[in-house]
Amino acid sequence: MDITATPEWTALTAHHAAVGERHLRSLFADEPGRAEAMTAEGADLVLDYSKHRITAETLPLLVALAEAAGLGEKITDMFSGRHINTSEDRAVLHTALRLPENDAAAALVVDGQDVVADVHEVLARMGEFTDRVRSGAWTGATGERIRTVVNIGIGGSDLGPVMAYEALKDYSDRGIECRFVSNIDPTDLSEAVRDLDPATTLFIVSSKTFTTLETLTNARNARSWLVEGLGDEGAVAKHFVAVSTNAEKVTEFGIDRATMFGFWDWVGGRYSVDSAIGLSLMIAVGKEGFGEFLAGMHAIDEHFRTTPFARNLPVISGLLNVWYANFFGVETHAVLPYSQYLHRLPAYLQQLTMESNGKSVRGDGTPVTTVTGEIFWGEPGTNGQHAFYQLLHQGTRLVPADFIGFAEPNHDLPGEGGADCQDLFMSNLFAQTAALAFGKTAEEIAAEGTPADVVPHKVMPGNRPTSTILARKLTPSVLGQLIAFYEHQTFVEGVIWGIDSFDQWGVELGKVMAKQFGPALYEKDADLSALDPSTAALIRRYRAWRGR
Ligand code: F6P
């Protein structure tokens, strides 16, 4: 179906023309109960969406659009394992990774596979391995316990684990450090291992396909570093484990199946942090902490699956993103966590949202009829305030933003006056969302005695939309809830746009061409004539600088 040809889309277009320019100052003045009415809760998350450029009619119109797009059936299809990833003919079952064990209501058999049993079999093996590493029962080749875990992976096999490890550092065993190597830039591995002792280092090679050039190259170089350091080829078995769906390739690499942790083709890379890809995270926070993380994700899965759309956090949020992208023509979306621990969340969300929804054709291969995808970016507050918030407040572009904050800090320090540091930190979050929404008028600025020629520079236009997402404290469960919230939000958007949010063909051509270009960079007398003139000239310069 062409969503833009539906009466629901037409109604939203008319509604946007009528209310799109209304200012949040007047919206709040006209609706005294707006803040309460536009606050929704799910599991431990609270979403205040009242500071959006919407009236009481907007959400019902957006919900009608979601119904026209068949969102309810699509949610059922996803959770039940129908092959909604049509271009790869695969089920999309990351939600099954967090289904509880021994719960008849959660039983799931898909394509003849008892999914819950398989998931928990791997979790049990991960848990056992984790216990051994954490207790020191698992030793390296020289009998020493593991002190550093290095995850080698890229994209979904890196961003989820590193983001979650950083987020949950306060819950981690500080006697074991996790490091993450992703880039094929030789600097990445070199810097990660430069001060490490191979005798106390464990590498986790994480790759769904086990064919990714970056990961395999880094893994081979890590193996050489280890063997050279320990002087023993046989040491590899005690210092390398693998996480993959491809047992054959793992064996080919030289890692035993006994130390391989599997997952399945129905787990997309960017949806895989809760699969065995999260092994480094489990080692850091323990199997109990990892279990809490999974339970948090499951709580939001249930909220998403069962809550009416008008009170459903990922649905509301996804629909608001559609409202801005398609009716306001907004291009980007800022994610501003007020938690230093969440400093990798924007990078993680970039892959989740942009690899999922950066598509130009619909599920049936026909071109989309409207803009899709959003450009996600961000930094933790308050750092961002001293960098790019100027553009958010006074620039000419509209940038909707998510502000994420917590009441209880993981650490606290004295602040100023009667406030502690956390109060000062969170007062910034509340101040920013209020300033973005309501701004400051020329009259207010002039009344402060500001010279007339400076007044225009100080005017804060306001009417800049934000969501505020609050939770009591950043815990493993709450992190899981946030991730599931964004996963489902991304899905909602994809359903409205009619695209396959679970493939990623757009990254393939670059990978193939990088392989093809390789010899042109290092082979003697390489023939560059088949290349375009710009690329050929650049490679010639590169070769000259490298003395080739
Ligand atoms: O960049 C494309 C991609 O396929 C991502 O979707 C994926 O997360 C990443 O590469 C890594 O893939 P793999 O886990 O198979 O090494």
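The values are calculated or read from the model by the stated rules, or taken from the named source; none is laboratory data. Keep in mind it's a predicted model, so treat the numbers as computed, not measured. Every residue, glycine as well, gets a Cβ built from its backbone with ideal geometry; the counts of neighbours run over all protein chains shown. SASA here: full protein model, heavy atoms, side chains in, ligands and nucleic acids out. Shrake-Rupley method; radii C 1.70, N 1.55, O 1.52, S 1.80 Å.
Taking every DSSP beta bridge with both residues inside the chain, roughly what % is antiparallel (nearest 5)?
Values: 14 of 45 bridges.
Roughly 30 percent of the DSSP beta bridges within the chain come out antiparallel.
Among 334, 528, 317, flag the residue with its Cα farthest along the positive direction of the charge dipole of the chain, charges on Cβ as +1 for Lys/Arg and -1 for Asp/Glu. Result: 528. Near residue 370, once Lys and Arg are set to +1 and Asp and Glu to -1 for all other residues with Cβ below 14 Å from its Cβ, the sum equals -3.
Looking at the square roots a ≥ b ≥ c of the eigenvalues of the Cα gyration tensor of segment 391-514, which shape do they give, rounded for a/c under 1.5, prolate if a/b is larger than b/c, or oblate? The shape class here is oblate. In whole percent, how big is the carbon plus sulfur part of the accessible area of segment 505-546, probe 1.4 Å, protein atoms only? Carbon and sulfur together cover 61 percent of it. Fully extending the segment from residue 87 to residue 232, taken as 0.36 nm per residue of separation minus the present Cα-Cα distance, adds 47.7 nm. With both labels modelled 7 Å from their Cα along Cα-to-Cβ, the residue 177 to residue 391 distance reads 3.4 nm.
For segment 109-290, the fraction of 1.4 Å probe accessible surface lying on carbon and sulfur atoms is 46 percent. Per-residue ellipticity at 222 nm from helix content only, as computed over the chain with -39500 (n - 2.57) for each DSSP H run of at least four residues, stands at -13500 deg cm²/dmol. Most tightly packed first, judged by the mean number of other beta-carbon atoms within 10 Å of their residues, the peptides 478-485, 130-137, 118-125 read 478-485, 118-125, 130-137.
Summing Lys and Arg as +1 and Asp and Glu as -1 over all other residues whose Cβ lies under 13 Å from the Cβ of residue 534 gives a net charge of +1.
Think of each Lys and Arg Cβ as +1 and each Asp and Glu Cβ as -1; about the Cα centre, that makes the dipole of the chain roughly 1160 debye. Taking label points 7 Å from Cα along the Cα-to-Cβ direction, residue 412 and residue 211 give a separation of 5.4 nm. Full extension of the chain between residue 537 and residue 103 gives 150.0 nm of extra length, using 0.36 nm per residue less the Cα-Cα distance.
Set Lys and Arg Cβ to +1 and Asp and Glu Cβ to -1, take the dipole of the chain about its Cα centre, and tell me which of 438, 354, 182 lies farthest positive. Farthest towards the positive end: 182. Stretched out straight at 0.36 nm per residue, the stretch from residue 19 to residue 6 would grow longer than its current Cα-Cα span by 2.7 nm.
Looking at the chain, the accessible area is 43 square angstrom per residue; that uses a 1.4 Å probe and ignores ligands, DNA and RNA. Shape analysis of segment 269-418 places it in the oblate category; the axes a ≥ b ≥ c from the Cα gyration tensor give an a/c of at least 1.5, with a/b not above b/c. Placing dummy labels 7 Å off each Cα toward the beta-carbon, the span from residue 434 to residue 453 is 3.3 nm. Ranked by the mean number of other Cβ atoms within 10 Å of their residues, highest first, the peptides 495-505, 228-238 fall in the order 495-505, 228-238.
Averaged over residues, the count of other Cβ atoms within 10 Å places the peptides 96-102, 212-218 in the sequence 212-218, 96-102, highest first. As a length-normalised measure over Cα pairs under 8 Å and 6 or more apart, the relative contact order of the chain settles at 19 percent. Residues whose amide H lies under 5 Å from that of residue 90, counting only those 5 or more places away or on a different chain, are 85; hydrogens are built 1.01 Å from N in the peptide plane.
Classify segment 109-290 as rounded, prolate or oblate from the Cα gyration tensor: take a ≥ b ≥ c as the square roots of its eigenvalues, call it rounded if a/c is under 1.5, otherwise prolate when a/b beats b/c and oblate if not. Don't jump to the answer; show the numbers that get you there.
Numbers: a/c = 1.44, a/b = 1.29, b/c = 1.12.
It is rounded, given that a/c, with a ≥ b ≥ c, falls under 1.5.
The trypsin sites (Lys or Arg not before Pro) of segment 157-193 that DSSP puts in a loop, and whose beta carbon has at most 12 other beta carbons within 10 Å, are 174.
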